[in-house]
Every structure is written in C-alpha cells, then in structure tokens.
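Here's the structure we're looking at; comments come further down.
The values are calculated or read from the model by the stated rules, or taken from the named source; none is laboratory data. A quick note: this is a predicted structure, and the numbers were derived from the prediction, not measured. No Cβ is skipped: glycine too gets one built from the backbone with ideal geometry, and neighbour counts run over all protein chains shown. These accessible areas exclude ligands, DNA and RNA; they are computed on the full protein's heavy atoms, side chains included. Shrake-Rupley method; radii C 1.70, N 1.55, O 1.52, S 1.80 Å.
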Amino acid sequence: MEKTAIDSTMATSAAQQAGMPRLHKVIFAMLLVFLVALPFLVYPVFAMKVMCFALFAAAFNLLLGFGGLLSFGHAAYFGGASYVAAHAAKVWGLTPELAVLCGTVAAGVLGLAIGFLAIRRQGIYFAMVTLAFAQMVYFFSLQAPFTGGEDGIQSVPRGDLFGLFSLEDNVALYFFVLAVTFAGILFLYRIVHSPFGQVLKAIRENEPRAISLGYNVTRYKLMVFVLSATFAGLAGALKSQVFQLSSLTDVHWAMSGEVVLMTLLGGMGTIFGPLVGAAIIVTMQNYLATFGAWVTVIQGVIFVIGVLLFREGIVGVISRWIKRPL
Amino acid sequence: QDINVKLGVLNDRSGTYADLSGEGSAVATRMAVEDFGAAEKGMNVEVISADHQNKPDVGSNIARQWYDVDGVNAIVDVPTSSVALAVADITADANGVLLDSGAGSTSLTREQCQPTTVHWTYDTAALANGTGGAVTNAGGKKWFFLTADYAFGHSLEENTMAVVKDNGGEVVGNVRHPFPSQDFSSFLLQAQGSGADVIGLANAGGDTVNAIKQASEFGITQAGQSLAALLMFVTDVHSLGAETAQGLNLTEAFYWDQNDATRAWSARFEEQMGAKPTMVHAGAYSATMAYLAAVEELGSAEDGRAIVAKMREMDIDDPLFGKVTVRGDGRAIHDMYLFEVKKPDESEGEWDLYNQISTISGEDAFLPMLEECDFSKK
Amino acid sequence: MSNESLLTVKDLNGWYGESHVLHGIDFEVQRGEVVTLLGRNGAGKTSTLLGVMGILPRRTGSVRYIGRETIDMQPRQIARAGIAICPEERGIFSSLNVEENLMLPPRIADGGLSVERIFDLFPNLKERRRSQGTKLSGGEQQMLAIARILRTGAQLLLLDEPTEGLAPVIVQQIGRTIAALKNEGFTIVLVEQNFRFAASVADRHYIVEQGKVIDMIPNAELEANSEKLQTYLGV
Amino acid sequence: MFELLGIPPQVLLGQLLLGLINGSFYAVLSLGLAVIFGLLNIINFAHGALYMAAAFVAWMLLEYLGIGYWPALILAPLIVGAFGVLLERTMLSRLYHLDHLYGLLLTFGLALIIQGLFRNYYGISGLPYQIPEALSGGRNLGFMFLPNYRAWVVVASILVCFGTWFMIEKTRLGAYLRAATENPTLVGAFGINVPLMIMLTYGFGVALAGFAGVLAAPIYSVNPNMGADLIIVVFAVVVIGGMGSIMGAILTGYMLGLIEGLTRVFYPEGSAVVIFVIMAIVLLIKPEGLFGRTA
Amino acid sequence: MSIVLEATGLTKEFKGFVAVKDVNLKVEEGTIHALIGPNGAGKTTCFNLLTKFLKPTRGRIVFEGRDITRMEPADIAKLGMVRSFQISAVFPDLSVLQNVRVALQRRRGESFDFWRSEKSLSQYDDIACGYIEEVGLTEFLHHRAAELSYGRKRALEIAATLALEPQMLLLDEPMAGMAQEDVERISALIRQVAKNRTILMVEHNLSVVADLSDKITVLARGEILAEGDYAAVSTAPEVIEAYIGAEYE
Ligand SMILES: Nc1ncnc2c1ncn2[C@@H]1O[C@H](COP(=O)(O)OP(=O)(O)OP(=O)(O)O)[C@@H](O)[C@H]1O
Ligand SMILES: Nc1ncnc2c1ncn2[C@@H]1O[C@H](COP(=O)(O)OP(=O)(O)OP(=O)(O)O)[C@@H](O)[C@H]1O
Ligand SMILES: [Mg+2]
Ligand SMILES: [Mg+2]
C-alpha cells in the first residue's frame, strides 16, 4: 500500500546521500559550457548582468528557500556593496578584485549588524524589520555625499585584475565575472548541502524542536543571514564593476522586491530556480525595453501567467514533474 | 553612396516623464527624419526606441548595447539627469552622439561635459533665469522654495536662488520634500507661514501638479501668495486644467501655438499622439534635424566627435526653435519664453493654455560656457 | 434504538497526493450507536474519518448519510447535513479566545448542548474562557475541541482519539458524556487507542488494518474474541 | 532661512490637523490591506493600483456618464470591489494552497498590468477631478485655513473605519474570518462556506482601497502612478499596528499621518523614511506590533 | 543517591494567572520520576521552565550542581538535559534517517561547517539506524516524517532524543496517541534507556506510570499535591479526587 510513497522518497533521499547528485553535476557542467560560449552569442554586458542577478537571487534563495527567512531588504546589501566597490575602485583606485572584495565584506558587515537586530523576529515581522533597515540604508544613500545622490557613482574604472590583466574589454571582464559568480553559486550549493545546511532545514521546519536538540537557533539564523548578505554583496559589487556605475536603483526597495520575484518565478528552495528566474526577468527587462509603454503590461502578464501556470516556480514545477530536487 | 544612420530614442516610457517625453519623442524624431527628406537625400535612417525607466543602470546598459551591438549612431532625448549623465559618458567612449532634449541638469555641459554631447532644449539654469528672473522683477521679492529632494531639485533650487538674489530678491525659506510626494499641504502651510510673496516649486511632474492643485485648495493663491512652477510642461498644465493652473508663470523653450510653423508641426504631431507636443518633443525633433544636416555634410554618421563639431559650426534656423547655435560645450543656445497660464474664460480649447509674456534671449537664459568645456578649441 | 442505518460507508478509497491509504473501507453505523474504529498506528483510522467528512484530498467509493450520497459533496455541505468532527490535532484557533473557539462552529440544527451544560462538563474551559485558545494546556485544548462540536446540533460526531492526553478523571467524564450523548440520540464514531476506554463506551468495534476494515466485533463479544484482538491490536 | 526653532503652537496645531487628514487615507488603505492580509495572508500588492483605478473610475463616471462625486463614492468602490471579486475567483483562489509569497507575486503582476493599462490609455500626467460643489471652499480656523473637503475626508474615513471595525470585531463574521486564516479546512468542515467568505472579504478590502481612491481623486492628481509606491508604506502601517488587528491598522494609520506631519515640519527630507524608523523601533521593542496579539 | 535536578520555589505567572506556584522538585539520579496531574495543572509549564523555554517568574533551578536559572534553552540541551514535546515534534520534511541524524550531528558538535560536504554526514548513518531500529521504524527509514502516522512520529521523536544520549530526559506524554503494542514497546525502551540516565516524565497513562516510575509527583493547580511511589500516591484520596477519578480500575 505504501509502495508508491516509498519509491518516490527512496529515490530522492538516495540521491541526497551521495554528495552532489549526477543530475546536478550534469546541469552545472552544461551550464558552464553554455556560459563559456555565451559572450560570443549575446552581448557580454547583458550576459554579465544576468549572472550578477543570478548570484544575487541564489544568495537570496539561501535565506528564503533554505533558511525559511524572508528578507525584504536585500537591496541594502546588494546596493551597499555596489556603492562601496564603486567607491573603492573610483576614489581609492583599488584593483577590481580588491574593490569587489571591499564591497562584499562591507555587505557582510552590514548584514551582521542588521541581522543581529532582525533575527529574533519571526515571519513577516522579520521581513518588515529587514525592509525598515533597508529603507534607512536607502535614505542614507540618498543623503550621504559619497554616493552621489540621484546620479550615483558614475564612470567607475574597470581597472586591471590583480593589477595585471586589463578588464577594459567586455569579454575579459566577462570571464572574470563568470569565474566569480560560478564559484559563488557552487559555494552556495555547498552551503545548502553541508551539515550546516541540514541543521538549517531542521530549524526551518520545527524551531522549538531544534532548540530542544541543543541548537542555538538564533546563531544559525544569523549565520545564514550574514552568508546570504555577503553573497548578495558580492553580486552587487560585481555589478558595479560591470556597469561602471552604482546608483540608487540598487538600494531601492523595488530591488529587494525584484529579487523576491526572481526567486519565486524560478522556484524558491530549488538550486536552479533563482538562476532561471533571474535570467528570465533580466532578459525580459532587456528585450522588452523596446516595447515602449507596453513593457509593464507585458511584464505583469508574464508574472501572472507564470504564477498561474508554474505555481511553485518554473524549476519547482519541473522538479515535481521529474520527481527530483533541482 | 548611401549613408546609414541609426538613431536610438532613449527615454522614460512608463514613469513620471512618459507623457512629456516617451513615445512622443520617438514620433517627433521620426517626423524629423521624414521632414529632413533623408530618403531622398540617400540616407537610410532608422529610428529605434527604448525605455530607461529613469534608472541609470538600465539606461547605460541599453546605451552600451546600442553602440556596441546594434550600431546606433546617436541617442536622442534621455530625460532624467542621472541617466543622461551616464549615457553621456558612454556616448563619449563609443564616439556616438547624445542629442539630449529631456534632461535638465546643467552638468551635462559643465562638470561632466563631453565632446559628443549636445544639450538641446532647456536646463535648470535657463528655467531659473526665465521664471525666477521674471517673477522677481515683477515684484515677487520674497521667495520660499518647495524643493524635490534629489539632484535635479537641488540644482533647480540653487540656480533659482542665485537668480532671485541677483535681481534683488531674497529667499525666506525652503523645504525639501521627498520625491515623489502625494501630499504637499504641510509644506504649503509652512510656505504660507513664511510670509513669502512667491512659492517656488523646484520639482517636476506629478509633484508640481499636486502642489499646485493643493495650493489652490488651501486658498494659498487667493490669500495673495503666488506660485512659480520652475519646471512645468504643457502636459502638466493640461492635466491640472486652466481652472486650477491659471495665472502661473512658467518658462518653456517651445509652445505649440507660437507661430504658423509650430502650429502646423504640432497639428501633425497631435494626429499621431493624440496630444499637443511638449518642448521635449519639439527638442527631439529639432536636434535630430540639426544632427542629420551635419551628418549629410560630413557624408558619414560614424564619427560622433566630428558630427558634433560640425553642428557647432552650423547656423541653424529651426522651424520650431528659430535661430539656434550649438556652443563649444554642446549647449544649444536659443530663445526661451516666459508664459502665463490663461484664465479658463480666455482659453478657447483644452490645449489653449498659455499667454506669452516675454522672450528671454539665449545669451541671458543659459549659463556662460566654462573654459575647460569649450571643445571647439580643442 | 431504531434500525435505520445512519451512515453507510462502502468501498471508500482515499489518497494523499500519490499515496493510496484507504483501500476500500466498509462499515455502517446505526442511529444512536457508538461505534469505534480500532487499529494500529497508521492503519487509516484518521483517514477514514477525514474521508467521511470529505476532507481527504481525494476519495472515491460511497459514503451515504441518512440515505444521501455525500461522496461528491464539499466538507461544508457534509457538515450542514449533520456531521461534525473533532480532529486528531485538535485544531484550536490561536487567534480566537476559548469562548470564541467554542462558539465558532455554527449551529446547524437544534438539539445541541447549551453552553451552560458544556461548561458544567468542562469546568476548566469556563475558568479559562478569556484565554487565547492555544494557550490552554494540551488536555484543555482537547476538551475544547470536543466541546465545540457538541453545541452545533450535529447528529453524527466523529471523535478522533478524544481521550488522548486527558487525565483519568476527565477520561471518565468524557466516557459519561459519550454515554449521555448517546442517550440523547447522538451517534458517535470513535477512533481510540485507549482500548479499555473504547470497550467501556462502544456498542461495536470495527478493526482497521492497512486501509481496510477487516473485522467487526460487538462489544458484548469482546471477551470471546480476546485472541483475535491480541493479534489485531496487541491487547 | 526659515526658522525651525520657534515654531508657534498654532502652526504646530495646523500641521497636526493636516497629519490627521493624511492619516485618514492611510487608515482606510491599511484597513483594507489588513482585512485582506488577515484573511488571505496575502500582501495585496495590487492595493495601490486598485486605489488608483477607483480614482479613475470616478473620473470616468463623470466624464462618460455624467455621474458626479457622491454617487461615485459608492459606485466606484463597488465596481472596483467587483473587479476584486473577479480577480479572486479567477486567479488568487488557485494559489491558496501555496506559499503566500506566490500571492504577492501574482498581485504584483496584476498591479503592473492595471497601472500599465491606465498609463497607456490616459497618459502619465493625470486628469483633473474637481472637488464637489457642496464641499468646495473652506473655513478659517484661526490657525489655518481648512478646506471643507479635507474635513469631509476625515469624517468619511472615521465612519468607514469604525464601521468596518465593528463589523469584523464585534460580529461572528470576524471570528470566522480569523479562524479561516488559520485552518480553512477545519472551518469548512464546520459547515462554513470559506471560499465565498474569502471572496467577499477580498472584494471588500479592495472596495476599501477604492473608497480611498475616490476620496483622493479631488485633491491628488488622478494619475496612474498615484498608488504605485503606496503599498509599502501602507503595509508598514499594518505591521506597526499589529497584523490581524483591525483597530491597530486604523489607529496606526492616523498616528502615522500625525508623525509624518511633524516630521515634515522638523525634518522634511526624512518624512518618507520616518515610518520605517518607527517600524524598526516598534518591532524591535514590541514584536507583535502595537495592537497585535502574541502568537 | 544524588540529586540531578532540583527546582526550588519555581513559579510562573501568565498575566495574573499563576500556572505554576512555588514548586519544589527534586529528581534523583538514575530514577524515572513521573509528573502527573489533571489537565492544566502546570506540568508542561514546569517542563518549559526547567528547559528554559519559559522564563520562571521566581525560583531557582539547579542541574548537576550548576545553577541554570538564567541559561538559554539550547545550552540546557548541550548540558545534557533534553526534552520531548507534548504535541509531536519532528522535522516533517526530513526523512526519518535525517531526523535522527540531525540530533547526532549536534552531539558530535560540528555545527557551523557550511563549507563541508553533506557526505560527511553519512558517518552517522549506522548509529542513526540503530536508534531507528530500536523504535521499530526501520522500514520507514527514507520516508518523510510528515507521512508517518501519529504514533510513529512519536516514536521517531523519541529515537532522535535518545540519539543525543542525554544525561537527563524530559518526556512530555511520550505515550499519547500510541497504539497499545507500541506503548509496551516504548515502555520497554524507556526502561532500557533509563538504566544509566535520569528521566522526568509527564504521562496520563496510569498503567505506564505505575509500571515505570520510581517516584511520582502529583501536581494540581500549579502546586504539588502529593509525592511518593505509585502505591502511596494512587491511594491518596486527594489524588483520586483531583486526578485518578473514582471509576479508575
Ligand atoms: N498528510 C499525509 N500525507 C501522506 N501520507 C499520509 C498523510 N497522513 C497520513 N498518511 C499516511 O496514511 C496512512 C494512514 O494514516 P492515518 O493517520 O489515517 O492512520 P491512523 O490509523 O489514524 O494512525 P494513528 O493511530 O497513528 O493516528 C499512514 O500510512 C500514514 O503514513
Ligand atoms: N503561554 C501561556 N499563557 C497563558 N496561560 C498559559 C500559557 N501556557 C499555559 N497556560 C495555562 O497554564 C495552565 C497550565 O498549563 P500546562 O500546559 O502546564 O498544563 P499541563 O499540566 O501540561 O496540562 P495537560 O495535561 O493538559 O497537558 C493551563 O491552565 C494553561 O491554560
Ligand atoms: Mg490517527
Ligand atoms: Mg501538558
């Protein structure tokens, strides 16, 4: 009588046991091949944008999909890092990798500060506390002199990687961005599938029980929050190098909303969902830009159809079809 | 031989500035291509357009892609100063041309001037000189500013304050409101309490419209204070209605009902867009005409610096803007006009909104050129 | 006791998503009877009750209540027809206080207990009536879950382990309550692990195993069937 | 420069009154949002768009059918509410078994569509809608000039808010609504028509947004973006008030208006961010919001 | 025998309602100590206080000679005092194996290792399977916990708790909702694990209490009503009146 149930769950958990499942290895490999070819197929800057957002969404998904924490203020880390990296590259004249590192660290520190205060709140209250702090970061970015207000920090130099290789060329920069984002995404994957990730999942499912087992839940949540903020920052810092610009858009709440959309559209709690979601939304913004006044309508229709057809997000639905976690 | 030209109209098509620029600017640009007779002159001109959503990163991404991939030669319109500044940089890198009509920042031809930028229609200094100067001279000596709290608002406020002081006026206060805001009653009350003669609105679009609407509701104007809308387009006035907007002073570079040429052109525009053109639309048209003329003379659209240099040399007699010269820093110099909004009983149609009060010559309207930005000498 | 069959379940099949948990349940309940479903953990007792109530995600077969087929009805229609459930997980609402929880299910017919009687039966509830529902102790929540369906006037009560977590005094009280309800003409289907309790209140026992009813033992014949019971239930 | 230090008490009084008026809008809007969130657990991102739509409907009623402000005050919310019911039936209702975030995604998409359509047909710069004859003008209160229409806004919002509060908190309906949020299956099994209730509640919440939209039409520019950024602030109000607390949403709405009003006097730039500062403080000190119940 | 856990003057008030009033409790090492009492007597609240899920209004708690009155719940568990919950507490979306492994992982103390591979967890599989075997869930090893029936969830919870090998176990109604045969099996299990640790247990199933416990404390209305072994307690008239009931056979 319980055959079917056993079969399907056996399959999934058996797959979970052997490290990264074959399927995922294959997908990552195909993705890498595709990405290496990509700058020769589409405009590299666009491709880099997709990757930055994919990393951003993946970082966000670590928190939402695997930590069960909805942050509505991730723009603060994304945008904050982008400002710091831009400033580091432009004003301090740091090399790109150091500028990106500065931005990333700054986001992590900011995440630690905000997370420390927010993490004791639950559910939607947590979301709103993070939003509140993000709005303050926005306000700060609007008022502070070094961020350049509306104009943002423009004309950020791309510089030379390690002081050696020029990233002026789009394709050169592309491979730098590819290396960083791909490594970032793999690392996020590892986090999800680490022993730490397992505890995280347990906490998400039954917090009092996890406490009673002796887990310091608050510290785990803070940890995952900081990790997520740090990777969001990495994405933001990269973006500032790609566009040579860092602006209020990146710290605005709409950006926090956008990353939620990407994650949901792709499928939260899946590995590949956020990547797909980010690719779709960025592509949409890019190619719909020429549709003029209809852009928002088309975008809206896509969201609505997306939700109605792919209720658990695109990858979520596919994953259910093939009965494998993706 | 054929000259291929590709123009990209990059502006706000869904946000606050969608009506005053948006699709209308693309229409105006196409009209310019047609009126220029490009096809007959052996020029293949293609016009594409995109929405920059008022975001510098979106705008610069599109601009880059246009230059790098799509072979665009010039970018037209680009309202929203932050985006315009980003696009100006990219344009210089790509040796394209930025024909800016919609943006207001004076930085485009000053702090961040570029040899490939032409700033056509207006800027905050011209607005300040126009409205600020005229209102102060007409006796509005004490000013209170309601300023949108972002770069554009600040610069408009700063420019106007200078003009007011130059003309013997004084500034009795200012308040910076978040952008965008819905409710201005509180700020208006502060303005009222300040004892100013004039409330200067250093904001734009919906903010200005709401502020004016509410000023009338709170009886500010009836109580003797007057409003000066420092940046207002004919579409904004139309949306307010003459009833509410009557008596307002404002500065524009263009009004559809100025002369036969403007009326004829505006009628054609209205056929396509269903509304009268703003000065931004007119600017997109005129700048494109001038650009195409320069391209025709050079015989190629490839070298942006050369084209802009050529534009600087030309004497332009534009159907919409009259005599125009492009200065060494890329600033287009032409007359600006001070208008007053008609009373409802004077108005003969929904778009019959302005009385022209005076003309401000280009030299008086725009700031003098900065030495280091004079690219004609380089 | 009349002989009209109040509830007739025939070949009830039920699924949770993909997994098929009820494999043709058959049983019937006469008006005024107390009938238990006994079985091991996971046998499908709860699922059977959910199936009768129409809450099971997917079900097929036949569930007739007073001669009416309910298999295609919504839970709320089934409730309106006169069936009420006291769920296993109790289902106390945390956003309502005790009194609101108690008053929540609408009256669907006359003949329910009055609030005073309910408070007589469960004095704890009266004392804590202004408390938030989920702040009650486990046992108090159980009482509340039973109490609130007594008010509604439903004729057929489905009680899923009503004595779980209750102190022996209260269990005895619930036993008396069930007897009283029976006297007043209520019909009860009881799922129980507490075999001794079941034996003290029920008329008949159905044995459920692996999603099927495999046997029926009248209460009077329990003694005689103790060997069977040993194999079925380990008691 | 303007002297902030010696603000005379009358001016302050005037500012507080203005704050209360703005608070009226927040109160009605957050009430609608709270009702929807309370029952469907969905952050109705289309709230601002529907508020805007109602203002447009009022304008259209006048422009195309010659129906004036007073009938529109009833009709427009009804129309928008009916539209809400339609949305709920055809779309939202398919998502209830999912994470509630998907409802957010859907309503966000709907908001984009609604705003986009209005923008395409009516442009961005807005349409004029006059204050009704009976309420034009105003009276001088000594410390400020109070337009009659604004006074009406306060009265109307108070009536609507407290009427709604009474209906939800003081009748059985409210208990059903709250219970259905927690466990719709069980409430259904008690014989209550949960889907119908949810549908009507959504419609009602939307109608409240519509009501605020019509109230706003004569004083704010009727334009497609008028509700765009509202949702986030209004939702903050709901959270500060305490989720699930109707009274909390109402009172916090008024309170926020007041606080924002004061900020506009003392630190105008900060008036957009003050709500978030308050929200952070409130949630850090009193996690369940000012009027919320503990979970 | 020494006292492992001692609470003195333990009191908890909820907004004016006193759920636990001045309770003095001593649990001796190596015993099974039962806490019984009518519903709402404050047993679960006591558990919550002892494990610091609630902060006591007054009183002092000493565990193995250490004052734990101000500690955090997770730290209590690390000291070796682990509780189960009255309403079953498993991780629904994890498999049975993973549920137990999560507990083992904590015991081994590696916790923030987000850089390590999941493979490092398979070292626990054997131990985990052992505990799962003990509670009779081997055939459900890879089932999601959510799919288990109620009684099996309880069994799983106990397995995970045992996996922590705690010094002291606090079990809140471990038998609630269990089928009779499971009751016997779990009883045996508890007796077995009690050999080298201390157990404090809340239970309404009197035969289990009678069978297992060395000492019983009866709580009523937040106060201690009686204390002693089963024979003494079960015949005390006040206990019969408040808890056992006259009809209990
Ligand atoms: N939500 C669910 N999803 C999947 N399977 C389920 C679900 N609920 C129950 N099951 C499975 O259905 C079967 C019957 O479960 P049910 O809860 O009806 O048993 P029960 O007889 O009430 O047991 P218990 O005495 O433990 O309460 C079990 O195998 C269980 O694992
Ligand atoms: N957080 C709380 N707020 C208010 N009252 C509470 C709270 N927790 C428990 N109570 C009350 O305290 C009393 C004791 O509850 P507790 O859960 O400790 O009882 P118990 O002895 O475990 O009962 P049971 O055997 O029914 O589980 C109950 O009356 C309950 O309503
Ligand atoms: Mg059951
Ligand atoms: Mg208890």
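Pick out, from B:Phe233, D:Gly38, A:Leu200, the residue whose Cα sits farthest towards the positive end of the charge dipole of the protein assembly as shown, with +1 on the Cβ of Lys and Arg and -1 on the Cβ of Asp and Glu.
Most positive-ward Cα: A:Leu200.
Using DSSP to call loops (not H, G, I, E or B), can you name the trypsin sites (Lys or Arg not before Pro) in the stretch C:91-126 whose Cβ has at most 15 other Cβ atoms within 10 angstrom?
Sparse-neighbourhood loop trypsin sites (Lys or Arg not before Pro): C:Arg107.
So who's got an amide H within less than 5 Å of the one on B:Ser358, skipping anything under 5 residues away but keeping other chains? H placed 1.01 Å off N, in plane.
The list, which skips near neighbours in sequence, is B:Leu338.
Need one word for the stretch D:70-176: rounded, prolate or oblate. Basis is the Cα gyration tensor (sqrt eigenvalues a ≥ b ≥ c); a/c below 1.5 gives rounded, then a/b vs b/c decides.
oblate
Any idea which of E:Ser234, D:Leu106, E:Tyr131 is furthest toward the positive side of the dipole for the protein assembly as shown, if Lys and Arg beta-carbons carry +1 and Asp and Glu beta-carbons -1?
The one lying farthest along the dipole's positive direction is E:Ser234.
Quick one: angle between helix E:150-163 and the longest Cα principal axis of chain E, in degrees between 0 and 90, rounded to 10, please.
80
To the nearest 20 debye, what is the magnitude of the charge dipole of chain A about its Cα centre, counting +1 on the Cβ of each Lys and Arg and -1 on the Cβ of each Asp and Glu?
960
Per-residue mean of other chain beta-carbon atoms within 10 angstrom of the beta-carbon, peptide B:172-179?
Per-residue shielding by partner chains comes out at 5.
Once you order the gyration tensor axes a ≥ b ≥ c over the Cα atoms, which shape class does the stretch D:109-226 get: rounded for a/c under 1.5, otherwise prolate or oblate by comparing a/b with b/c?
oblate
What does the net charge come to around A:Met255 if you take all other residues with beta carbon closer than 11 Å to its beta carbon, with K and R at +1 and D and E at -1?
Its environment carries a net charge of -1.
What is the helix-to-structure angle for E:125-134, meaning the angle in degrees between its Cα long axis and the longest Cα principal axis of chain E, kept from 0 to 90 and rounded to the nearest 10?
Roughly 40 degrees, rounded to the nearest 10.
Identify the GluC sites (Glu not before Pro) of the stretch B:1-92 meeting these criteria: DSSP loop state and at most 11 other C-beta atoms within 10 Å of the C-beta.
B:Glu40
Would you mind giving the mean number of other chain beta-carbons within 10 Å of the Cβ of each residue in D:170-182, as a whole number?
4
So what does the Cα-only Debye profile of the stretch D:159-205 read at q = 0.28, 0.33 Å⁻¹, as log10 I(q)/I(0), no solvent term?
-1.07, -1.23
Check the protein assembly as shown for me: any Cys whose beta-carbon has no other cysteine beta-carbon within less than 4.7 Å?
Among the cysteines of the protein assembly as shown, those whose Cβ sits 4.7 Å or more from every other are A:Cys52, A:Cys102, C:Cys86, D:Cys161, E:Cys46, E:Cys129.
Could you give me the ³J(HN,Hα) list for the stretch D:146-155, computed from phi with Karplus coefficients 6.51, -1.76, 1.60 and θ = phi - 60°, whole Hz, x at Gly and Pro?
Residue by residue, the stretch D:146-155 yields 9, x, 4, 4, 5, 4, 4, 4, 5, 4 Hz.
Looking at the stretch A:77-171, which chymotrypsin sites (Phe, Trp or Tyr not before Pro) are in a loop (DSSP not H, G, I, E or B) and have at most 15 other Cβ atoms within 10 Å?
A:Trp92, A:Phe162
Percent relative contact order of the stretch C:84-235, based on C-alpha pairs within less than 8 angstrom and at least six residues apart?
Here the relative contact order equals 23 percent.
Residue-wise, which Karplus ³J(HN,Hα) couplings in Hz belong to the stretch A:321-326, taking 6.51 cos²θ - 1.76 cosθ + 1.60, θ = phi - 60°, and x for glycine or proline?
Rounded to whole hertz, the list is 4, 8, 6, 9, x, 10.
Using +1 on the beta carbon of Lys and Arg, -1 on that of Asp and Glu, and nothing else charged, what's the dipole of chain D about the Cα centre, debye to 20?
Dipole of chain D, to the nearest 20 debye: 400 debye.
Given the protein chains as shown and a 1.4 Å probe, how many square angstrom of D:Asp229 are accessible, to the nearest 10?
In the full protein context, D:Asp229 sits at about 70 Å².
Which order do you get for B:His238, A:His24, D:His97 if you rank them by accessible area with a 1.4 Å probe, largest at the top?
D:His97, B:His238, A:His24
Skipping prolines and chain starts, which residues have an amide H placed within reach, meaning under 5 Å, of the one on E:Arg83, given they are 5 or more residues away or on another chain?
For E:Arg83, the qualifying residues are E:Leu170.
Evaluate the charge dipole of the protein assembly as shown about its Cα centre and quote only its size in Debye, nearest 20, assuming +1 on the Cβ of each Lys and Arg and -1 on the Cβ of each Asp and Glu.
3980
Among C:Leu150, C:Tyr16, C:Ile207, whose Cα sits farthest toward the positive end of the charge dipole of chain C (+1 at Cβ of Lys/Arg, -1 at Cβ of Asp/Glu, about the Cα centre)?
The one lying farthest along the dipole's positive direction is C:Leu150.
Please average, across the residues of E:139-145, the number of beta carbons from any other chain that are within 10 Å of each residue's own beta carbon, and give a whole number.
Shielding by partners across E:139-145 averages 5.
Which percent of the accessible heavy-atom area of the stretch E:66-163 goes to carbon and sulfur, probe 1.4 angstrom?
48
Would you mind checking A:Lys201/E:Lys52; C:Lys126/D:Lys170; A:Lys201/E:Lys15 for any pair whose Cα atoms are more than 27 angstrom apart?
Correct reply: A:Lys201/E:Lys15.
Given an 8 Å cut-off on Cα distances and at least 6 residues of separation, report the relative contact order of the stretch E:156-213 as a percent.
Over the stretch E:156-213, the number comes to 47 percent.
Which far-off residues, 5 or more places away or on another chain, put their amide H under 5 Å from the one on B:Gly200, with H placed in the peptide plane?
B:Phe144, B:Phe145, B:Leu146, B:Ala228
When a/c reaches 1.5 or more, the comparison of a/b and b/c decides; with that in mind, is chain D rounded, prolate or oblate per its Cα gyration tensor?
Oblate, because a/c is 1.5 or more while a/b does not exceed b/c.
State which helices in chain B qualify, where a helix is a whole DSSP H run, it must extend 24 Å or more along its own axis by its Cα atoms, and its mean Kyte-Doolittle hydropathy must be at least 0.0.
Both cut-offs are met by B:279-298.
Just need the Rg to Rh number for chain C, please, alpha carbons only, Kirkwood Rh.
0.95
Using only alpha carbon pairs under 8 Å that are at least six residues apart, calculate the relative contact order of the stretch D:135-286 and give it in whole percent.
Reported as a whole number, the value is 13 percent.
Through the Karplus equation 6.51 cos²θ - 1.76 cosθ + 1.60, θ set to phi - 60°, convert the phi angles of the stretch A:200-217 into ³J(HN,Hα) values in whole Hz; use x for Gly and Pro.
Rounded to whole hertz, the list is 4, 5, 4, 4, 4, 7, 7, 5, x, 5, 4, 4, 5, 7, x, 8, 7, 4.
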